[in-house]
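The values are calculated or read from the model by the stated rules, or taken from the named source; none is laboratory data. Given the structure is predicted, the values throughout are model-derived calculations rather than measurements. Please note: Cβ atoms are built from the backbone with ideal geometry, for glycine as well, and neighbour counts cover all protein chains shown. SASA here: full protein model, heavy atoms, side chains in, ligands and nucleic acids out. Shrake-Rupley method; radii C 1.70, N 1.55, O 1.52, S 1.80 Å.
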Amino acid sequence: MPSLFCLRRTTLAYSLAAVLACAHAHAQSAVQQGSPNPAVAPPTPVIAPKPTGATMLARPTALLTQHNNNARTGANLTEIALNKENVNAEHFGKLFARDVDGQVYAQPLYVPNLKMPGKGVHNVLFVATEHNSVYAYDADDPKAKAPFWTINLGPSVSAKEVYITKWTDMNEEIGITSTPVIDPNSGTIYVVAKTKEEGKYFQRLHALSIATGKEMRGSPMTITATIPGKGYDAVDGKVSFGAFLQLQRPGLLLSKGLIYLGFGAHADRDPFHGWIMAYDAKTLRQVSVLCTTPDGAQGSIWQAGQGLSADESGSIYAVTGNGTADAQTGGRDYGTSILRLVQQKNDLVIMDWFTPSNFEILNEGDTDLGSSGPLLVPGTDLLISGGKSGVAYTTKRSNLGHFAEDDKQMIQRFQMGAGHIHGSPIYYDDPKNGPTVYTWSEEDHLKAFSLKDGKLNEAPIFQSEVRVPGGMPGGFLSISANGKDPMSGIVWASRPLDDNANWRTVDGMLEAYDASDLTHKLWDTQVNAARDGGHKFAKFCPPTIVNGKVYLATFSKQVIAFGLLPAALPKAASLSTAPGATSATLTATVTLAAAAPAGGAVVTIASSDSAAAKTPAYVRIPAGATTAPFPVTLGAASAKPRTATITATSDGAAVTAVIKMPAKKAARA
């Protein structure tokens, strides 16, 4: 019987009628398809079909918010390219850098497969700077030095105007400090910028198109607030938000159609309060305002840049710093506390709270609770947070505990770190050790604590062999893993190289550790410092790991991309196709020019018309293998003929297969 397909190395002429007549059955697992990536998306499906051992990623991973999700776990669990076997000095290192016009405090964000007007479809990296600029860069091409677009949101504020003592936490300028948030459904990135215009100070919420950088309808919105209160700066019984002295530090939160902003202070310069404000994501209309100390003082929300957290029900969680705390005696002030808030129509209401029994001592010593944000442990009712004292608190989200002698109402309180805990802990369900919480406080080692029966083991199960340099601020962490693959879990840490980063800019270091054993360091930027090192440390900013690359914000006015080095992987050699298990599928097979090395080889797959021929985004070929099959799901025939080109790329080499779909036959009269 003659072949129903006319096959060449890279071209397939496809006839729908022929496939319907084909009796060939070739078993192949279909790629699971998910809904468009929401603001807090479930993990992208990762499928490992048998018997090939190949792993497929149904769609590229996005990173749309600070520390990956609204629980602030800091974990990307769909990383199939980077693993414990290939992250080493021989195969992994610096790929390129993207230049920007200011220091980068905000964690870089990432949107895959974004259509850029007139420039095609690209993976796009978004960077915001203290010079009040936002950039959209090609996330992959080392030669793409110019951004797709950039926009400046107004003149920044000189740090010398704000910091009038030795506590110069920010030493150049103040513009965009917090990590923005992206809504992929509306194609919008939300950013808060601080400006000085004609001698006056403003903070504004901007909504920008991720495709063009242009302001969306209703943008920007000037941030203002006045509430009834007797606070230490009240005027005529009212407390007002001050754009000059308030710092919008925590990462933005998008939850249930609202953008939440948290505000603290610059080096505790009075007067200030903690503020949380909610804005309608569509209109930027201010929906609600909450002041943490309306009748008192301070109560900053800064969390070392960690974003406000939110659970599935829409409850919002925040941790406050030094300030008046009198809720335990019937007051309205919640300094040095953990808060659970609920949006009720136009009011943001504190539904539950916890204040440490020693809050007065914490306030007096500037060892406030608010230096770390709340981690919501997935699949549980647990909330874990820490503070400048190095003490960690574990409690139930459904019952934070209010106030009690010696904090006996808490699940646990223990000394987690030797110094301040900033912007962590983070969480990973490690395949070897089970649920694990990681933190790296000042003056201490990177530590892993096991979580069992609703409590943390108070002694670390592992810790790194080295400490961070003396002084501030410790290490800033993210995790990458391919689900429960035991060879995939990596803890990434950005930290000062050899100096105290408090009040000044110092050299930085990026490290990678085995998430199952922190005594096993995989790589760092100093092993080959001439190639990988030399950047300035970005305070309070964790690295972004997504789709085979690590993006590191710096104070060198650059974002640096690290990944598998050129020639670390074999090039793609050919792409063939054959009938699939059903009439609506084909099986494509990509072949490499050589066997995949230790750690495997990830091949990028793309379709020019996913409605006609849908493919997985990536296929990982296991070590020692040269080929991997993957499914192509065919769309229904349409009134006009369609052509889809499938492209497989490895190490810069691309091979293609062209699928031609004839028009749907007209029904007979």
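Most tightly packed first, judged by the mean number of other beta-carbon atoms within 10 Å of their residues, the peptides 265-272, 295-302 read 295-302, 265-272. Pairs with C-alpha atoms separated by more than 25 Å, drawn from the list 345/388; 614/665; 166/388; 84/484; 521/549; 282/539, are 345/388; 282/539.
Only Cα pairs under 8 Å and 6+ residues apart enter the sum, and on that basis the relative contact order of the stretch 479-540 stands at 28 percent.
If every alpha-carbon in the stretch 129-225 counts as one equal scatterer, what log10 I(q)/I(0) does Debye give at q = 0.15, 0.17, 0.23, 0.25 1/Å? Taking Cα atoms of the stretch 129-225 as identical point scatterers yields -0.66, -0.81, -1.20, -1.31. Per-residue Karplus couplings for the stretch 216-226, computed as 6.51 cos²θ - 1.76 cosθ + 1.60 with θ equal to phi - 60°, are listed in order as 7, 4, x, 9, x, 10, 5, 8, 9, 6, 9 Hz, Gly and Pro entered as x. One decimal place: the segment residue 158-residue 404 gains 84.2 nm when fully extended, by the rule 0.36 nm per residue minus the C-alpha distance. Just the protein heavy atoms count here, and of the accessible area of the chain at 1.4 Å, carbon and sulfur take up 53 percent.
Give me the net charge for the shell around residue 324: Cβ to Cβ below 11 angstrom, other residues only, Lys and Arg +1, Asp and Glu -1. Charge balance near residue 324 sits at -2. Rounded, prolate or oblate: which fits the stretch 394-475, taking a ≥ b ≥ c as square roots of the Cα gyration tensor eigenvalues, rounded meaning a/c under 1.5, else prolate when a/b beats b/c? Oblate, since a/c reaches 1.5 and b/c is not below a/b. Ordering 131, 67 by accessible surface, largest first, gives 131, 67; the 1.4 Å probe counts only protein heavy atoms, with every chain in place. Computed on the stretch 246-358, with alpha-carbon pairs under 8 angstrom and 6+ residues apart, the relative contact order is 21 percent.
Annotation for the stretch 139-211 versus the stretch 334-412: alpha-carbon center distance of 30 Å. Farthest towards the positive end of the charge dipole of the chain, among the residues 335, 590, 303, is the Cα of 590, using unit charges on the Cβ of Lys, Arg, Asp and Glu. One chain, two ends: residue 627 and residue 171. Fully extended at 0.36 nm per residue, the span grows by 158.9 nm beyond their Cα-Cα distance. Between residue 186 and residue 89, the FRET efficiency from the beta-carbon distance, with R0 = 51 Å, is close to 0.75. For the stretch 156-202, rounded, prolate or oblate, judged on the Cα gyration tensor with a ≥ b ≥ c (square roots of eigenvalues), a/c < 1.5 rounded, else prolate if a/b > b/c? Oblate shape, in that a/c is at least 1.5 and b/c is the bigger or equal ratio. Annotation for residue 443 and residue 198: the two label points, set 7 Å from Cα along the Cα-Cβ direction, are 5.0 nm apart. Restricting the stretch 412-503 to trypsin sites (Lys or Arg not before Pro) that sit in a DSSP loop and have at most 16 other Cβ atoms within 10 Å of their own Cβ leaves 432, 484. Relative contact order of the chain: 15 percent, from C-alpha pairs under 8 Å at least 6 residues apart in sequence. Dipole size of the chain about its Cα centre, with +1 on Lys/Arg Cβ and -1 on Asp/Glu Cβ: approximately 3280 debye, rounded to the nearest 20. Using the Cβ of residue 443 as centre and a radius below 15 Å, the other residues enclosed give a net charge of 0, where K and R count +1 and D and E count -1.
Sites counted here are GluC sites (Glu not before Pro) in a DSSP loop (not H, G, I, E or B) having no more than 15 other Cβ atoms within 10 Å; the longest part of the chain that contains none of them is 459-669. A 1.4 Å probe, protein heavy atoms only, puts the accessible area of residue 656 near 50 Å². Counting 0.36 nm for each residue step from residue 364 to residue 567 and taking away their Cα separation leaves a gain of 67.4 nm.
For the chain, the per residue solvent-accessible surface stands at 37 Å², with DNA, RNA and ligands left out and a 1.4 Å probe.
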